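Peer 1: Below are the structure tokens for one structure; questions will follow.
The values are calculated or read from the model by the stated rules, or taken from the named source; none is laboratory data. Quick caveat, the model's predicted, so the values are computed rather than measured. Here the Cβ positions follow ideal geometry from the backbone for every residue, glycine too, while neighbour counts run over all protein chains shown. Keep in mind that these areas ignore ligands, DNA and RNA; they rest on the heavy atoms of the full protein, side chains included. Shrake-Rupley method; radii C 1.70, N 1.55, O 1.52, S 1.80 Å.
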Amino acid sequence: MAFGLGLLNGLKYTATRVFKTYVGDFKHLGRRYDDKLFKERQSVKGSGIFTVQYPEEKLPVPENFRVVPFLVYEPALDENGKPLIDPATGKEMIGKQKCTACGICSKVCPPQCIWIVRALTPEGKPKPQPAEFYIDIDICMNCGSCAEFCPFDSIKMDHVYELANYERHVSHIYDIGVLSKPASYHAKIHPTDWAAEEAERAAKEAKKK
Amino acid sequence: MSVTAPVAPPNTPNYNDPQIVAEQIKTKYPDAVESSSAQGIVVQSDQLREVARYLHDELAFDYLNNVTSVDWQDRFEVVYNLTSLERGGAPITLKVNAARENPSVPSLVPVFRGADFQEREVYDLMGIRFEGHPNLRRILLWDGFEGYPLRKDYKEPYYEEEKKPFGSRWDKGHHVIAEDRNPWHDNVQYPSNFDAVAYKPPRDQIQVIDAAQAAAMRLRTDKIVLNFGPQHPSTHGVLRLRVTLEGETVRGVEPIVGYLHRNHDKIGERNTFVGNMPYTDRLDYFTSMANNLAYALTVEKLLGIKPPERAEYIRVIMAELTRWQNHAVALGFIYNDLGAFYTPLIYAMEERELILDLFEATAGSRMMCNYMRFGGVARDVTDDFIAKCKYLVNERLPRRTDELEAYMVGNEIFHSRAKNIGVLPRDLAINYSTAGPVLRASGVKYDIRRAEPYSIYDRFDFEIPTGTTGDLYDRFIVRVAEMRESLKILKQALDQFPAGEIMTGKKNYQVRVPKGEAYGRGENPKGELGFYVVSDGTANPYRYHVRGPSFINLTALNDMCVGYKIADMIVILGSLDIVMGEVDR
Ligand code: SF4
Ligand code: SF4
């Protein structure tokens, strides 16, 4: 082959790629961020450029996605069985933490970034409840081991990945207040896991009866 | 077609059995062997080099896989793993003991040059001297470092407890910021008589050419020593190359590493066995799935368990997807180093994104997968995963591999820059213990997936691509060919993909591993990733060592670069495909 033909052949691919990239844009001329086009491009069948215009566009995260864990709590219910909403924060009020302070997550955590204080009864006996719960998210490596090994399904991995902050000492140590999120939130971001957990719970209940 | 490991002719002794090898050594050196068992052959330290030479020359143990050491508190033990590339099979283990006071053993560099960096690492971290080593200095830590961190009596600045889990976390676990535990918020310990102003580091070794050589080349330029990196975009991370140049020609390269050092080994010994899994992700962060696999295989060896069928298939699929994307990106980076900035690399990255999407949907993270478990995998794959994966493997990736080959390998400028550049001859490649595509490009048909098949690789039909000259061009096309072979394996695995369980036994957060030691390894995209694990029967490993292929491949860099231009050196480094997370550990 003559010198340079391989090179020209290579340029053919780059030229095609440029063309493919802009075809999509022309199809949706004027609409800068197009949802449909975006989905198409990011799929396995997508062609042309993959760039995501973050933060205007964001990639959806899959259910199994994991960053910094949160604690699941059961909301306090009103007389109709509806969760009570805290008017100040707009969040569901904490009825009961699912966590029993068994300590397994803090033992399994590879970088040891979970600190738990177990609650005590007035008589000074240990109670299956956390009095305090800290996670140092500077140290947390988002490995998901805590969620995987918690026997009470009470610690789960979150989907919120925008964690930037102006200060790293106080705000990066999440205490029980920051960590607690209602069970409905867990059900929303982890529908499959939630369904499996519910089914298991129902099976256990049925067995008891 | 199923292919099995090479079988020795029936009348030759089985040299994969340490007992038989020990008997053979005794015929030549009657009092060299102290003892021998399935765990290894213990040799007298004063005869170590002779024994090694005998094994190398006469019994064809031509490849030194791994050098490491164990602190048994009453003595040190240096451990060598040797294989024959011809015969294949599991490596045999050679051990020598060293006294606790002023430990020293003979260096094996005269026999295996691949021992160079590894012995320096043992000296650096364990404090064992290797007599006769040409350049015995610290390698990962700085020269003024106090102490030898892998010794059991060493305590680091933020030392909390010998083993995890730490007692202070539960059930009265008030949070303390780690720096607050140290009075100066400083994680460096200095020697007691250390004077920062007067301190002069020992000079780095500089390779010098002799006068006759210089005269023969009739160069009128001066030699200059150039520090390349550590902050330099073409050194693939924080790597410093101390280059001796004559004009534009490279006369010597000394890689200076350790900028990312965190003592992975020591962290691993503090951790529980389970807790080490996410840490292996961070070795070579491009191939975390494959790292997981090699570690899981090693511990499974000690546990004596096997994952169920479906999990085996998932593991192979993940490992081969990893290989494809690693090679695609490595090739893109080589083009970057050649000066074709980012276009080919970004094309490779795009395909990689799709593979990482699959990892993310299954394991939860794109790069830090933490996916394999002892006896299985963490989560099952969904039908959606299989469908997407099938589309990628059957349609998209083969097409992309062809395209990539057309615009990368077809390019004539690439030919003129890559052919006969950075030649690593076959015997040097073996002697330097290089691994993976680098070894195969030099014409050695050696792949652990064939030589000592692990997981279910013996079921698949695939070739081992090799090069002929061992130049940059060969290292490039071997990777392209390996991408095709990976797709071949993936296709077969997806076709045979079975239903069933993904985990043997129950999930356990503190797996107790029976007493014993094991060297386990896997064919990572970058080469042989080995783990040497010693268990004392508890939930934490007594000794945990990683054989990083990137680190050991770097040993050969000097020989590959000398005589070529400095612009070639960058590409040669790129063709080694190193990742600093694994080099520095
Ligand atoms: S493992 Fe679960 S229940 Fe136990 S302390 Fe952790 S979060 Fe609470
Ligand atoms: S995600 Fe991993 S590192 Fe983070 S708190 Fe859980 S176990 Fe610890």
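Peer 1: Evaluate segment A:58-65: report whether one residue or more is open to solvent by 80 Å² or more (accessible area, probe 1.4 Å), over 30 Å from A:Val178 (Cα atoms) and free of Cβ contacts under 8 Å to residues at least 24 places away in the same chain.
Peer 2: Within segment A:58-65 (the criterion being open to solvent by 80 Å² or more (accessible area, probe 1.4 Å), over 30 Å from A:Val178 (Cα atoms) and free of Cβ contacts under 8 Å to residues at least 24 places away in the same chain), the answer is no, since none of the residues qualifies.
Peer 1: Would you point out the residue of segment A:151-176, among those that are more than 13 Å from every other protein chain (Cβ to nearest Cβ) and of a type in the set (Asp, Glu), that is farthest from the chain's Cα centre (by Cα)?
Peer 2: A:Asp153
Peer 1: In a loop (DSSP other than H, G, I, E, B) and touching a helix residue (DSSP H, G or I) at 6+ places or on another chain (Cβ under 8 Å): does that describe B:Pro149?
Peer 2: So B:Pro149 passes the test.
Peer 1: Might you let me know whether segment B:378-395 holds any residue that is more than 28 Å from B:Leu64 (Cα to Cα), without any contact (Cβ under 8 Å) to a residue 40 or more places away in the chain and among the hydroxyl-bearing types (Ser, Thr, Tyr)?
Peer 2: Within segment B:378-395 (the criterion being more than 28 Å from B:Leu64 (Cα to Cα), without any contact (Cβ under 8 Å) to a residue 40 or more places away in the chain and among the hydroxyl-bearing types (Ser, Thr, Tyr)), the answer is yes, since at least one residue qualifies.
Peer 1: Given the condition open to solvent by 60 Å² or more (accessible area, probe 1.4 Å), away from ligand 2 (no atom under 16 Å from the Cβ), acidic (Asp, Glu) and more than 14 Å from chain B (Cβ to nearest Cβ), answer yes or no: does some residue in segment A:67-89 qualify?
Peer 2: Among the residues of segment A:67-89, at least one is open to solvent by 60 Å² or more (accessible area, probe 1.4 Å), away from ligand 2 (no atom under 16 Å from the Cβ), acidic (Asp, Glu) and more than 14 Å from chain B (Cβ to nearest Cβ), which makes the answer yes.
Peer 1: Only one of these is within 14 Å of chain A (Cβ to nearest Cβ) and in contact (Cβ under 8 Å) with a residue 12 or more places away in the chain: B:Pro157, B:Pro149, B:Pro165, B:Pro134. Name it.
Peer 2: B:Pro165
Peer 1: Taking segment B:524-538 only, how many residues are open to solvent by less than 10 Å² (accessible area, probe 1.4 Å) and more than 17 Å from B:Glu119 (Cα to Cα)?
Peer 2: Number of matching residues: 9.
Peer 1: A further question on this structure: So, in segment A:69-111, exactly how many residues are under 20 Å from the mean Cα position of the chain (by Cα), of a type in the set (S, T, N, Q) and under 28 Å from B:Val511 (Cα atoms)?
Peer 2: Matching residues across segment A:69-111 total 1.
Peer 1: Which numbered condition in (1) under 22 Å from the mean Cα position of the chain (by Cα); (2) over 23 Å from A:Phe133 (Cα atoms) is the only one that A:Arg66 fails?
Peer 2: For A:Arg66, the failing item is (2).
Peer 1: Within segment B:327-349, is even one residue within 30 Å of A:Cys140 (Cβ to Cβ) and facing chain A (nearest Cβ under 9 Å)?
Peer 2: yes
Peer 1: Keeping to segment A:48-79, report how many residues are part of a loop (DSSP other than H, G, I, E, B), more than 30 Å from B:Arg379 (Cβ to Cβ) and of a type outside the set (Val, Ile, Thr).
Peer 2: The qualifying residues number 6.
Peer 1: Looking for whichever is in a helix (DSSP H, G or I), away from chain B (no Cβ under 14 Å) and of a type outside the set (S, T, N, Q) here; the options are A:Lys36, A:Lys12. Which one fits?
Peer 2: A:Lys36
Peer 1: Oh, and also: Residue under question is A:Gly95, and the condition is that it be in a strand (DSSP E or B), more than 12 Å from ligand 1 (Cβ to nearest atom) and more than 11 Å from chain B (Cβ to nearest Cβ); does it hold?
Peer 2: yes
Peer 1: While we're here: Take B:Asp180 and tell me if it is in a helix (DSSP H, G or I), more than 9 Å from chain A (Cβ to nearest Cβ), at pLDDT below 80 and open to solvent by 50 Å² or more (accessible area, probe 1.4 Å).
Peer 2: For B:Asp180, the condition - in a helix (DSSP H, G or I), more than 9 Å from chain A (Cβ to nearest Cβ), at pLDDT below 80 and open to solvent by 50 Å² or more (accessible area, probe 1.4 Å) - is met.
Peer 1: Restricted to segment A:127-144, and to residues that are more than 7 Å from every other protein chain (Cβ to nearest Cβ) and without any contact (Cβ under 8 Å) to a residue 40 or more places away in the chain, which residue is farthest from ligand 1 (Cβ to nearest atom)?
Peer 2: Among them, the one singled out is A:Asp138.
Peer 1: Being among the polar types (S, T, N, Q) and in a loop (DSSP other than H, G, I, E, B) is the filter; apply it to segment B:374-430 and report the residue that is farthest from A:Glu148 (Cα to Cα).
Peer 2: Going through the qualifying residues, I end up with B:Asn420.
Peer 1: Out of the residues in segment B:74-114 that are under 21 Å from B:Ala60 (Cβ atoms) and hydroxyl-bearing (Ser, Thr, Tyr), which is most open to solvent (accessible area, probe 1.4 Å)?
Peer 2: Taking the candidates together, the pick is B:Thr93.
Peer 1: Could you grab me the full set of residues in segment B:75-131 that are of a type in the set (A, V, I, L, M, F, W, C), under 22 Å from B:Glu528 (Cα atoms) and not in a helix (DSSP H, G or I)?
Peer 2: B:Val78, B:Val79, B:Leu82, B:Leu85, B:Ala90, B:Ile92, B:Leu94, B:Leu108, B:Val109, B:Val111, B:Phe112
Peer 1: Test B:Ser365 against the stated conditions and say whether it is crowded, with 18+ Cβ neighbours inside 10 Å, more than 9 Å from chain A (Cβ to nearest Cβ) and not in a helix (DSSP H, G or I).
Peer 2: no
Peer 1: Name every residue in segment A:104-125 that is surrounded by fewer than 18 Cβ atoms within 10 Å (Cβ to Cβ) and either under 22 Å from A:Ala183 (Cα atoms) or of a type in the set (Lys, Arg) (or both), in order of residue number.
Peer 2: A:Ala119, A:Lys125 - these are the residues of segment A:104-125 that are surrounded by fewer than 18 Cβ atoms within 10 Å (Cβ to Cβ) and either under 22 Å from A:Ala183 (Cα atoms) or of a type in the set (Lys, Arg) (or both).
Peer 1: Follow-up. Filtering segment B:291-319 down to residues that are of a type in the set (A, V, I, L, M), open to solvent by 10 Å² or more (accessible area, probe 1.4 Å) and assigned to a helix (DSSP H, G or I), which residue is nearest to the other protein chains (Cβ to nearest Cβ)?
Peer 2: So, considering only residues that are of a type in the set (A, V, I, L, M), open to solvent by 10 Å² or more (accessible area, probe 1.4 Å) and assigned to a helix (DSSP H, G or I), the one nearest to the other protein chains (Cβ to nearest Cβ) is B:Leu303.
Peer 1: For segment B:542-568, which positions are outside any strand (DSSP E or B) and aliphatic (A, V, I, L, M)?
Peer 2: B:Ile552, B:Leu554, B:Ala556, B:Leu557, B:Met560, B:Val562, B:Ile566, B:Ala567
Peer 1: Hey, among B:Asp427, B:Asp402, which residue is under 16 Å from B:Asp62 (Cβ atoms), without any contact (Cβ under 8 Å) to a residue 40 or more places away in the chain and open to solvent by 30 Å² or more (accessible area, probe 1.4 Å)?
Peer 2: Testing whether each residue is under 16 Å from B:Asp62 (Cβ atoms), without any contact (Cβ under 8 Å) to a residue 40 or more places away in the chain and open to solvent by 30 Å² or more (accessible area, probe 1.4 Å) leaves just B:Asp427.
This table checks each residue for (1) within 30 Å of B:Leu94 (Cα to Cα); (2) assigned to a helix (DSSP H, G or I); (3) in the same structural domain as B:Lys390 (by TED's automatic domain parsing); (4) open to solvent by less than 50 Å² (accessible area, probe 1.4 Å).
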residue: B:Ile477; (1), (2), (3), (4): no, yes, yes, no
residue: B:Ser486; (1), (2), (3), (4): no, yes, yes, yes
residue: B:Lys491; (1), (2), (3), (4): no, yes, yes, no
residue: B:Pro498; (1), (2), (3), (4): no, no, yes, yes
residue: B:Lys507; (1), (2), (3), (4): no, no, yes, no
residue: B:Gln510; (1), (2), (3), (4): no, no, yes, no
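Peer 1: Also, I was wondering about something else. Just wondering, is there one or more residues in segment B:158-169 that are of a type in the set (Phe, Trp, Tyr), modelled with pLDDT of 90 or more and either out of contact with any strand residue (DSSP E or B) (no Cβ under 7 Å at 6 or more places or on another chain) or surrounded by 17 or more Cβ atoms within 10 Å (Cβ to Cβ) (or both)?
Peer 2: No: zero hits.
Peer 1: For A:Ile114, state whether it is within 10 Å of ligand 1 (Cβ to nearest atom) and facing chain B (nearest Cβ under 7 Å).
Peer 2: Here the answer is yes, as A:Ile114 does meet what is asked.
Peer 1: Take A:Ile94 and decide whether it is more than 16 Å from ligand 2 (Cβ to nearest atom), over 10 Å from A:Ser180 (Cα atoms) and open to solvent by 40 Å² or more (accessible area, probe 1.4 Å).
Peer 2: When the stated conditions are applied, A:Ile94 does not pass them.
Peer 1: If you check A:Tyr185, A:Tyr174, A:Tyr166, A:Tyr161, which single one turns out to be at negative phi, within 11 Å of ligand 2 (Cβ to nearest atom) and among the hydroxyl-bearing types (Ser, Thr, Tyr)?
Peer 2: One residue alone meets the criteria, A:Tyr174.
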